[in-house]
1. Apply the Karplus parameterisation 6.51 cos²θ - 1.76 cosθ + 1.60, with θ equal to phi minus 60°, to every residue of segment 26-37 and state each ³J(HN,Hα) to the nearest whole Hz, in sequence, with x for glycine and proline.
2. Test of the criteria: in segment 42-117, which trypsin sites (Lys or Arg not before Pro) are in a DSSP loop and have at most 11 other Cβ atoms within 10 angstrom of their Cβ?
3. How about LYS37: which aspartates and glutamates have a C-alpha closer than 19 Å to its C-alpha, ignoring those fewer than 8 places off in the same chain?
4. I want to check the label-to-label distance for LYS126 and SER55. Put each point 7 Å from Cα in the C-beta direction and report it in nm to one decimal.
5. May I ask you to evaluate 6.51 cos²θ - 1.76 cosθ + 1.60, the Karplus curve with θ = phi - 60°, for each residue of segment 76-91 and list the ³J(HN,Hα) values in order in whole Hz, giving x for glycine and proline?
6. Within 10 Å, count the other beta carbons around each residue, average over each peptide in 116-122, 49-55, and list them highest first.
7. Fewest first, what order do LEU111, LEU70 take by the number of other Cβ atoms within 10 Å?
8. Please compute the length gained on full extension between GLU83 and GLN116, using 0.36 nm multiplied by the number of residues separating them and subtracting their Cα-Cα distance.
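Readers should treat all values here as calculations from the given coordinates under stated rules, not as data from a laboratory. Computed from a prediction, not measured in an experiment: that's the story for all the values here. Methodologically, a virtual Cβ is constructed for each residue, glycine included, from the backbone with ideal geometry; neighbour enumeration extends over all protein chains shown.
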Amino acid sequence: MAINKKNNASKKLLQRDRAERSTVGEKLEELISKSGKSIKKIANETGIAVSVLHSWVGKGNSNPTDLIGLARVVDYLDGDFREICTGQKAPPKKIEDLPITDIFEESEVPLDGIYQIKIVKLTRKKTKTISE
């Protein structure tokens, strides 16, 4: 009897955990909704059958097995393939792609006294290669 209660509790926790996570289909549905494009248009533009695309979209539908096709759809919709599949955003490839708030911290400066404000344009330093 105690084993059954433990198994039931484990099953309930697993079901709740699954319910809290969004599926690939839900994320894809959200991306399609944000794009404002119809599934038929997306299917025509990406070469994916309308019925296949419908089977991927929404909660409870099958997860895509054609990852190349899924990548074409996500790319067409200007989405992030990694985020759709894993829920994690891909890290930026260059520092220029980072939001400025990820690079600098903002802090209040007390204005007690006299200040002179100077504006200077910063440009990226040229880096030397090893052969130079």
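1. 5, 5, 5, 4, 5, 5, 5, 4, 5, 6, x, 9
2. Values: sites: LYS59, ARG72, ARG82, LYS89, LYS93, LYS94; in loops: LYS59, LYS89, LYS93, LYS94.
Passing sites in segment 42-117 are LYS59, LYS89, LYS93, LYS94.
3. GLU26, GLU29, GLU45, ASP75, ASP78, ASP80
4. Between LYS126 and SER55, the label points sit 5.7 nm apart.
5. Here the 3J(HN,Hα) series is 4, 8, 6, x, 10, 4, 4, 5, 5, 7, 10, x, 10, 6, 5, x Hz.
6. Values: 116-122: 4.3, 49-55: 13.9.
Sorting 116-122, 49-55 by mean packing, highest first, produces 49-55, 116-122.
7. Working: LEU111 7, LEU70 23.
If I rank by nearby Cβ atoms, fewest first, I get LEU111, LEU70.
8. On the way: separation 33, 0.36 × 33 = 11.88 nm, distance 4.60 nm.
Gain in length upon complete extension: 7.3 nm.
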